[in-house]
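Accompanying notes for the structure given below.
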Amino acid sequence: MSYDHLLSPGRIGTLELRNRLIMAPMGEELGDENGEVSDDQAAYLEARAKGGMAVVMLGSVGVAHPVGCSNKRQTAMSHDRFIPSWRRAADRVHAHGGKIAMQLTHAGKIALQDTMAGRPLWVPSEPGPATVDPLYGMVTAEEGAMMAEPLMTPDSKVHYRVMDHDDIATVVDQFAAATVRSREAGVDAVELHGGHGYLIDAFLSPTINTRDDEYGGSVENRSRFLVEILTEIRRRVGDDYPVWVRLNSTEVGIDGIVLDDALHNARVAAAAGADAIHVSAYHDPGIATGPTESYAPHVPELLVANAAAVKAVVDVPVIAVGRISPEAADGHIADGAYDFVAMGRKILADPDLPSKLGAGEPDDVRPCAYHYRCIGNIFLRVGTRCAANGFLGREDTLTTEAAPVAKRILVVGGGPSGMETARVAALRGHEVTLAEGSSRLGGRWELASAANPTNGELLEWLRRQIDQLDVDVRLDTHLDADQVQAMAPDAVVVATGGRWGRPAVDGFDDPRVWGVDDLGPWLLEGETLDAERVVVLGGNVPGIGVTEAATRQGADVTLIESGPAFGEALGLPGRWRAVNDFAQAGVHLVTGAEVVALTAEGVVWRSNGTEQTTPADLVVVTSEVTADATLADELRGLGLETHAVGDCAQPGYLEGAMRSAVELAATL
């Protein structure tokens, strides 16, 4: 494809843009704790400007910092002292021809930093009782403690301040003052966050806003707060400074904003001076799967129809969002459904996506694996990361710049950690040999790719990258320590994977039991799964993949996990999505279970002191993985510079493989 429409110049207000690609505003927890733009954030933005995005944007910039902030590393624009760090970030973005924007936010009733400090949460109305989805409990003890941190400090207190007219005027002033500072800092535009449960959205929502004054009741009254903010901003900065609004087009799972409300809100925002409307969605925050059904949809193009509906009623540009591929975006823009596309997860996975499309190299775009680590880390209040891109959030410290000295690097093992190590090392100018014992690159990730096509996209990308680089790939090559020593490399990277075993209990030598390495004939060669009742042991990513594949083929599947959570290696929204979908598909889900034995009747397991037996025609063991440093230890014993990455060093599945590979290869 030429992507003529997606890559064509565009305009939002007075802002001239080189294409129609906008970096979606996201929480990233990369800022300094004092509210300034950190070096990591500036590098994160710069990398995506360098990669060709028209606009790069930081999400959730506080207008009343520290009041109204949801995270401890949230960036701010509530005081003049924040201007210099924003100016530095703007300079780094502008050096690559990109534009920089900030999304201004007051978190209102979800301002966890206020709860943590004992300050009242600013709200339009006293909230009703909250519901809590049992799926929220699908976390480890460590994750639970991280999520609960705002409620566990000595000063923590949940209480509310129902805003009076003076409070409303204060927040209007805060948004307007932050916009003025943004202009002074050389930031090219601001977006007002009018969605996702934050303060502006709380006024817009008929569920949250139960006021009986001129700010509540009718849709006209509920939008008054937003209109007053826009009006005051325009009074202070005039019509020349680009300002737009992100709005919910629907609220999933609650009797909240519907599309007709959104159309009204879009019209009045445009009339009050918004230069564009960014069409998103929200959900009942009590529903754990809400993010994957609203602003970060698991279903591609979920919100496109809503964007098109908004486009039909406003005369300003419309920005669409929500798992939209470049190909689809190009077609939708051509058809007039919307004007710009905001990309989040895709541009985290590959910051060079626009430039690769422009160069006619779409197959070189690293695909998102949709493990939801980027979003999941925000729930845990730590810096964003990406399962597929180990560079994310560390673009200054981890790079592919040329190494000071070119070395002869031997990588043993052609799974994802070996391929990513070889790829990054070759980009840095090293002479790389990649030895793989089988006839294809991929290792056990090939099994994961057969179970889930999204995994397969990343595997094919890695294979293409290796093929394009000057890497000496040697397939069907098993190397022992003596053979490696004879090759005389300057450094060896062992990426041979972990050791996969079976439970050390009675009965697991039965032919009904498969280990991970027995899955090839079924997943890769198309053999029929001759089993009606399948028990999968181990609820992490490998077990989830096997469960998906077996369920698709009609098996009655029981997934048994010893810990408290399935999908521990997934970001939380992805984990909750998988568990929800399994439950709806009829998968039997068991956590906190100890496997006791395998008998003729089935798998015997114990939970809370009670034993149960689950009948099984087939048992697939994915739970018994340990590091395997045998070869690495032998090589170190021979005096060779030796490194280990991926599961052979520490089981971490895809994310661990890619991260350890980048951390090593960027420093070799």
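Values for this structure:
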{"quantity": "Segment 388-526: relative contact order as a whole-number percent, Cα under 8 Å and 6+ apart", "calculated": "29 percent"}
{"quantity": "For segment 10-379, convex hull volume per residue from C-alpha positions, Å³", "calculated": "127 Å³"}
{"quantity": "Two-site label geometry, Met152 and Asn34: point separation in nm, points 7 Å out along Cα→Cβ", "calculated": "2.9 nm"}
{"quantity": "Pairwise centroid distance, computed over Cα atoms, of segment 524-544 with segment 154-215, Å", "calculated": "50 Å"}
{"quantity": "Within segment 624-652, backbone nitrogen closer than 14 Å to the virtual label 7 Å beyond the Cα of Asp480 toward Cβ", "calculated": "631, 634-635"}
{"quantity": "Which listed pairs, of Lys109/Lys311; Lys50/Lys356; Lys311/Lys346; Lys356/Lys407; Lys50/Lys346, have C-alpha distances above 22 Å, in listed order", "calculated": "Lys109/Lys311; Lys311/Lys346; Lys356/Lys407"}
{"quantity": "Residues Met53, Met1, sorted so that the one with the fewest Cβ neighbours within 10 Å comes first", "calculated": "Met1, Met53"}
{"quantity": "Cross-link reach list, aspartates and glutamates versus Lys99, counting only Cα pairs under 16 Å and skipping chain neighbours closer than eight places", "calculated": "Glu16, Glu46, Asp91, Glu184, Asp188, Glu191, Asp240, Asp275, Asp352"}
{"quantity": "For Ile378, net neighbour charge (Lys/Arg +1, Asp/Glu -1) across residues whose Cβ lies under 12 Å away", "calculated": "+3"}
{"quantity": "Trypsin sites (Lys or Arg not before Pro) lying in DSSP loop within segment 417-472, provided at most 13 other Cβ fall within 10 Å", "calculated": "Arg440"}
{"quantity": "Percent RCO, i.e. relative contact order, over segment 115-200, from Cα pairs under 8 Å lying at least 6 residues apart", "calculated": "40 percent"}
{"quantity": "GluC sites (Glu not before Pro) restricted to DSSP loop in segment 302-405 with at most 13 other C-beta within 10 Å", "calculated": "Glu401"}
{"quantity": "Linear extension gain, Asn452 paired with Arg552, 0.36 nm per residue minus alpha-carbon span", "calculated": "34.9 nm"}
{"quantity": "Shape parameters for segment 124-180, alpha-carbon atoms, Rg then Dmax in Å", "calculated": "17.0, 44"}
{"quantity": "Segment 294-316-segment 223-269 distance, computed between alpha-carbon centres (Å)", "calculated": "15 Å"}
{"quantity": "Square roots of 5 times each gyration tensor eigenvalue, C-alpha, segment 502-625, largest first, Å", "calculated": "20, 19, 13"}
{"quantity": "Between 0 and 90°, nearest 10: helix 83-94 axis offset from the chain longest Cα axis", "calculated": "60 degrees"}
{"quantity": "Mean projected area (nm²) of the alpha-carbon convex hull when the chain is viewed from all directions", "calculated": "30.2 nm²"}
{"quantity": "Value of relative contact order over the chain, rounded to a whole percent, pairs C-alpha under 8 Å and six or more apart", "calculated": "12 percent"}
{"quantity": "GluC sites (Glu not before Pro) restricted to DSSP loop in segment 545-615 with at most 16 other C-beta within 10 Å", "calculated": "Glu601"}
{"quantity": "Helix axis angle, 39-50 relative to the chain longest principal axis, alpha carbon, degrees", "calculated": "90 degrees"}
{"quantity": "16 Å cut-off, amide nitrogen to a point 7 angstrom out along Asn221 Cα→Cβ, residues in segment 147-186", "calculated": "163-165"}
{"quantity": "Most to least packed among 138-147, 649-658 [average Cβ atoms within 10 Å]", "calculated": "649-658, 138-147"}
{"quantity": "Ranked by how many other beta carbons lie within 10 Å on average, peptides 446-455, 108-117, 16-25 from highest", "calculated": "16-25, 108-117, 446-455"}
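Read-outs throughout are calculated quantities, based only on the coordinates presented, and are distinct from any laboratory measurement. Please read these numbers as outputs of a predicted model, since none were measured by experiment. Positions of Cβ are generated from backbone atoms using ideal geometry, with glycine treated the same way; all protein chains shown enter the neighbour counts.
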